[in-house]
Amino acid sequence: LPITRDPNDEEWRIVHPMFSAFLEERLRADAPQKLREMHRAAAHWYAEHDHLSDAVRSAFASDDAAFAGELLARASAARKRIGRFRKFATWAAQLPSEVLDRYPTLRIEAACTHAALFEHEPARVYADPARLRFNDLPIVARDDLHAVDAIIAIYADRPEAALETGLRGL
């Protein structure tokens, strides 16, 4: 069988990805609620063991966008250090507005991500609701919001607007 013992933990088994995909498709067809429960349990297990990407993927697979948003907000600083802009843009697009409203820093991070990827309109779409709560944001988040405006202005070849935004941020 395409199953082996986990060398790090004798109680766990590793399933070949093709076999795993087959089993997941069977569950999706025969027991979709059970599949969501398994993904939810996996999301929490991955989160407890600091496997953010796997935890977020499992949270989305279990239709738990609220938990995915919580995980993304919790790991924001680490994500900024290592990048992964495109993946975060994909994840942010899956978050409903109410989750983004609960974590305005995710809106700002999504805006920064899109701005860095030269996607100015999506950057504005994420940034505008955060601007409405500007005074309630932490100082670091305000600085990030200024950075979004500066990045958009620079890439739009508007250096005077970028300078004005930079001065406003100071």
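The values are calculated or read from the model by the stated rules, or taken from the named source; none is laboratory data. Since this is a predicted model, take the numbers as computed values, not measurements. All Cβ positions, even for glycine, are placed from backbone atoms using ideal geometry, and neighbour counts span all protein chains on display. Just so you know, the surface numbers come from the protein's heavy atoms only, side chains and all, with ligands and any DNA or RNA stripped out. Shrake-Rupley method; radii C 1.70, N 1.55, O 1.52, S 1.80 Å.
Quick look at the numbers
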| item | result |
| --- | --- |
| Accessible area of the range 1-138 divided out per residue, in Å², using a probe of 1.4 angstrom | 62 Å² |
| In Å², nearest 10: area of Thr4 left accessible to a 1.4 Å probe | 80 Å² |
| Degrees, to the nearest 10: 32-48 long Cα axis against longest axis of the chain | 70 degrees |
| Accessible carbon and sulfur surface of the chain relative to its total accessible area, %, 1.4 Å | 57 percent |
| Glu121-Ala73 FRET efficiency (beta carbon distance; Förster radius 30 Å; 0.05 resolution) | 0.80 |
| Accessible-area value, Asp128, 1.4 Å probe, nucleic acids and ligands omitted, Å² | 80 Å² |
| Order by protection proxy (mean Cβ within 10 Å, highest first), peptides 29-38, 117-126 | 117-126, 29-38 |
| Extension gain from Asp30 to Glu98, taking 0.36 nm per residue of separation minus the Cα-Cα distance | 21.3 nm |
| For the range 39-149, with +1 on Lys and Arg beta carbons and -1 on Asp and Glu, the positive-most of Phe118, Pro129, Leu145 along the dipole | Phe118 |
| On Cα atoms only, tilt of 120-131 relative to the major axis of the chain in degrees | 80 degrees |
| Radius 13 Å from Cβ of Pro32, net charge of other residues (Lys, Arg +1; Asp, Glu -1) | 0 |
| Pairwise centroid distance, computed over Cα atoms, of the range 85-117 with the range 126-170, Å | 16 Å |
| Within the range 93-128, backbone nitrogen closer than 13 Å to the virtual label 7 Å beyond the Cα of Val140 toward Cβ | 105-106, 109 |
| Most to least accessible of Leu23, Leu167, Leu100 (protein chains only, probe 1.4 Å) | Leu167, Leu23, Leu100 |
| Equivalent ellipsoid semi-axes - Cα gyration tensor, the chain, angstrom | 39, 15, 15 |
| Degrees between helix 139-155 axis and first principal axis of the chain (Cα, 0 to 90, nearest 10) | 70 degrees |
| Max mean-square fluctuation residue, GNM over the chain, Cα-Cα springs under 10 Å, options Trp45, Trp12, Trp91 | Trp12 |
| Residue-averaged 222 nm ellipticity for the chain, from DSSP H runs of 4+ at -39500 (n - 2.57), nearest 500 | -23000 deg cm²/dmol |
